[in-house]
1. Tell me yes or no: at least one residue of segment 211-222 is under 30 Å from residue 254 (Cα atoms) and touching a strand residue (DSSP E or B) at 6+ places or on another chain (Cβ under 9 Å).
2. With the requirement that a residue be under 23 Å from residue 266 (Cα atoms) and assigned to a strand (DSSP E or B), what does segment 94-128 give you?
3. Looking only at segment 323-343, filter to residues that are exposed (fewer than 14 other Cβ atoms within 10 Å of the Cβ) and touching a residue at least 12 places away in the same chain (Cβ under 8 Å); which one of those is farthest from residue 94 (Cα to Cα)?
4. Taking segment 219-248 on its own, how many of its residues are part of a loop (DSSP other than H, G, I, E, B) and farther than 30 Å from residue 179 by Cα?
5. So, in segment 36-56, how many residues would count as being farther than 13 Å from residue 72 by Cβ and outside any strand (DSSP E or B)?
6. Return only the number of the condition from (1) within 30 Å of residue 199 (Cβ to Cβ); (2) in contact (Cβ under 8 Å) with a residue 40 or more places away in the chain that residue 241 does not satisfy.
7. Do we find a residue being more than 19 Å from residue 274 (Cβ to Cβ), part of a loop (DSSP other than H, G, I, E, B) and outside the structural domain of residue 171 (by TED's automatic domain parsing) anywhere in segment 209-216?
8. Report, ordered by the first and then the second residue, all pairs with beta carbons closer than 6 Å, sequence separation of six or more or different chains, a first member in segment 200-223 that is on the phi > 0 side of the Ramachandran plot, and a second member that is at pLDDT 95 or above and in a strand (DSSP E or B).
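The values are calculated or read from the model by the stated rules, or taken from the named source; none is laboratory data. Since the structure is predicted, the reported quantities are computational estimates derived from the model, not experimental observations. Glycine also receives a Cβ, built like all others from the backbone with ideal geometry; neighbour counts cover every protein chain displayed.
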């Protein structure tokens, strides 16, 4: 009885080992000509290897033709047209926004577009930081994102922050965008919904509210600007500091792999921004009992809520290992006016 029990245990162990072997020994073999195979190495005589691939079966490959052999990671591949192919590079990025998919440690990259450069470094598997700027170095911002994985690999969450200033133009001027994302899908086919809150304070000014006219200053006998309510004279229109522009911001992004080298990218941003400002109107008051009057400039507070929408559909083309270029037909709608935005981006791995 003990002998039979031992044989059963041994059989279970051997079956488990045999079942695990194909997955554990799977390798990604990349050749010098750019071809890539997923499979197991069956033999190696020093000059050539016998490989059992998933796509074409058993093949012999000269070792001099092999560029690299790396471990197989299921997350790095997807099924496209019934064939398992490598997932696209830069899969955590759309055009301007990002998704919630976790970035892998040392999976660093930079972007160059018509407006300026960006550099992003993954300091951990779920956490990356970056620097964003224009070609003149202003504004200058730091970005950070942390991803939360769930038991469902096709459902991910992330939170992030973009904070910066006008750089050497004005370090006290600042911007802040706090956001949260939820992404449904994998690295080659996904959609992301995001929401956040933005604050933009660039030390802008507005005309000081009041009722102004030009008259002779009895102190200097100069023809100066006179504010009726305060009784003060000014050389020029006085100003006050504007409050920060702030409001809710949302976005919808999507990535759809359409071929081995091309992906459709959709990105957008929309929101309602609260803007503090003043408006100036002309006021004429007749003088009682005369045929004359006095002209005034009436400056009044004007706080408004301005909607905006940025629409960014595009096409991303893989150019080789760690290289891609993206073309977007982008436009912005602000207060009912539509403005085109040229957008071409080059992606590179660091």
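1. No, there is no match, as no residue in segment 211-222 is under 30 Å from residue 254 (Cα atoms) and touching a strand residue (DSSP E or B) at 6+ places or on another chain (Cβ under 9 Å).
2. If the condition is that a residue be under 23 Å from residue 266 (Cα atoms) and assigned to a strand (DSSP E or B), then 98, 109, 110, 111, 112, 113, 117, 118, 119, 120, 128 are the ones that fit.
3. So the first thing to find is which residues in segment 323-343 are exposed (fewer than 14 other Cβ atoms within 10 Å of the Cβ), and the list is 329, 334-340, 342.
Now drop any that are not touching a residue at least 12 places away in the same chain (Cβ under 8 Å), which leaves 329, 334-335, 342.
Values: 329: 13, 334: 22, 335: 25, 342: 16 Å.
Selected residue: 335.
4. So the first thing to find is which residues in segment 219-248 are part of a loop (DSSP other than H, G, I, E, B), and the list is 219-222, 228-231, 235-238, 242-244.
Still in the running and farther than 30 Å from residue 179 by Cα: 219-222, 228-231, 235-238.
Residues that pass the stated criteria total 12.
5. 5
6. So residue 241 meets the others, but not (2).
7. Kept after step one, since they are more than 19 Å from residue 274 (Cβ to Cβ), are these residues of segment 209-216: 210-216.
Retained after the next criterion (residues that are part of a loop (DSSP other than H, G, I, E, B)): none.
No, every residue in segment 209-216 fails to be more than 19 Å from residue 274 (Cβ to Cβ), part of a loop (DSSP other than H, G, I, E, B) and outside the structural domain of residue 171 (by TED's automatic domain parsing).
8. Once the first residue is on the phi > 0 side of the Ramachandran plot and sits in segment 200-223, its partners that are at pLDDT 95 or above and in a strand (DSSP E or B) give 210/227; 210/299.
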